[in-house]
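To start, the structure itself, in structure tokens.
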Amino acid sequence: MKGAVLWFAVIAAGAATFAVKLVGHLLPRHWLAKPQVARVAALVTVALLSALVAVQAFTSNGHVVLDSRVAGLAAAAVALVAKAPFVVVVLVAAVVTALLRWAGLP
Amino acid sequence: MAVATGLYGISFGALSVVAGLNVAQTMALSLLMFSGGSQFAFIGVAGSGGSPGAAIATATLVGVRNALYGPQVAPLIEVSGPRRLLAAQLTIDESTAVATAQRDPAAARAGFWWTGGGVFVLWNTFTLVGALLGDAAGDPRRYGLDAAAAAAFLGLVWPRLSNPTARVVAGAAVVVALATTPVLPSGVPVLLAAVVALLIGVFWRDEPARASALQEEVER
């Protein structure tokens, strides 16, 4: 995606996300305030984010690839266990990966 | 919270530019979408070569939890007309958490508007800072920024893994996404993982839920 197509996607996704928020304000309260709905919605969020971790860390151009990103992600997990703030988690992953690439690894 | 929002916004802005959006498109996401998880999801799919449909669908699905905040927030703030649109846009994790934690209605209203408005200003300001930094960085791989994007998703999902079902879903999502990546168009494996979560969520009940369902059965 680039140019006009990317702009279209940005605006459409923004509109869709806003519509989802608005629906929560407009629908009758008892429709959404059910434990089962909340539970399934939470699990869908977990699945999407977990799948995005896997795709970002272990794939490249449609192939499963193991490279320096794996070490970066492992370092990020250690930072999360140590309760580091979000930006530290992100930076640790970048620094570890960059150092390994600088040392000649893929 | 202000510092956390600022640093989170910088991360988003930089990674968005690295994923191939320009500074204006990155700002459009923060202004229009205004929901961190959805924005990261959009740039994740777009950055890995996904189609517009996959990017839109993934961002929207990650934002579905915001719809569940509406019924909690609406009775507290009691707005009508055009201000309802503004309230909807500001209905996010932080403003909902602050509003619902207040005991008296005036404090809940103030908490919602000040938190929502404050995060909106900070988030957009720091998105711009991050986008400009990302624009100046050059080759993203050299600085490990592709791994930083993976770490950002790990950081977003981490606090949501506190119950066993969530961990099973996370594991299944990783397996499904990696197994189908070689055979499906980019972006589709992530959506397929959401379908798996939906099936697990509907058909595999947690122990307490199953016990109470049995109880209802017995009482009938």
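The values are calculated or read from the model by the stated rules, or taken from the named source; none is laboratory data. Please read these numbers as outputs of a predicted model, since none were measured by experiment. Virtual Cβ from ideal backbone geometry, glycine too; neighbours counted across all protein chains shown.
List of remarks:
- Under the condition of being on the phi > 0 side of the Ramachandran plot and out of contact with any Ser or Thr (no Cβ under 7 Å at 6 or more places or on another chain), the residues counted in the stretch A:44-71 number 1.
- Among the conditions (1) farther than 21 Å from B:LEU154 by Cα; (2) of a type in the set (A, V, I, L, M, F, W, C); (3) in a helix (DSSP H, G or I), the only one that B:VAL79 does not satisfy is (3).
- Scanning the stretch B:38-73 for residues that are part of a helix (DSSP H, G or I), more than 7 Å from chain A (Cβ to nearest Cβ) and not hydrophobic (A, V, I, L, M, F, W, C) turns up B:GLN39, B:GLY47, B:GLY53, B:GLN72.
- Residue match in the stretch A:39-53 (condition: farther than 21 Å from B:VAL195 by Cβ and either under 20 Å from the mean Cα position of the chain (by Cα) or modelled with pLDDT under 95 (or both)): no
- The residue list B:GLY44, B:GLY81 contains one member that is assigned by TED's automatic domain parsing to the domain that holds B:VAL17 and closer than 14 Å to B:LEU191 by Cβ, which is B:GLY44.
- Residues of the stretch B:151-201 satisfying the condition of being within 7 Å of another protein chain (Cβ to nearest Cβ) and touching a Gly at 6+ places or on another chain (Cβ under 7 Å): B:ALA151, B:PHE153, B:LEU156, B:THR181, B:PRO182, B:SER186
- Residue match in the stretch B:12-31 (condition: of a type outside the set (Gly, Ala, Ser) and more than 30 Å from A:PHE58 (Cα to Cα)): yes
- Subset tally (residues that are part of a helix (DSSP H, G or I), under 19 Å from B:LEU32 (Cα atoms) and either of a type outside the set (A, V, I, L, M, F, W, C) or over 18 Å from the mean Cα position of the chain (by Cα) (or both)) for the stretch B:88-111: 5
- Cβ pairs under 7 Å, 6+ apart, first in the stretch B:11-27 and free of Cβ contacts under 8 Å to residues at least 60 places away in the same chain, second of a type in the set (Phe, Trp, Tyr): B:GLN25/A:TRP7
- The residues on offer are A:ALA57, A:ALA79, and the sole one that is surrounded by fewer than 24 Cβ atoms within 10 Å (Cβ to Cβ) and small (Gly, Ala, Ser) is A:ALA79.
- Given (1) in the same structural domain as B:LEU15 (by TED's automatic domain parsing); (2) in contact with a Gly (Cβ under 8 Å, 6 or more places away or on another chain); (3) modelled with pLDDT under 95; (4) of a type outside the set (A, V, I, L, M, F, W, C), number of the condition B:THR127 does not satisfy: (3)
- Residue list for the stretch B:3-33, restricted to those being part of a loop (DSSP other than H, G, I, E, B), at the interface with chain A (Cβ under 8 Å from one of its Cβ atoms) and either of a type in the set (A, V, I, L, M, F, W, C) or within 12 Å of B:VAL129 (Cβ to Cβ) (or both): B:LEU21
- Of the candidates A:GLY72, A:GLY24, the single residue that is closer than 30 Å to B:PRO140 by Cα and not aliphatic (A, V, I, L, M) is A:GLY72.
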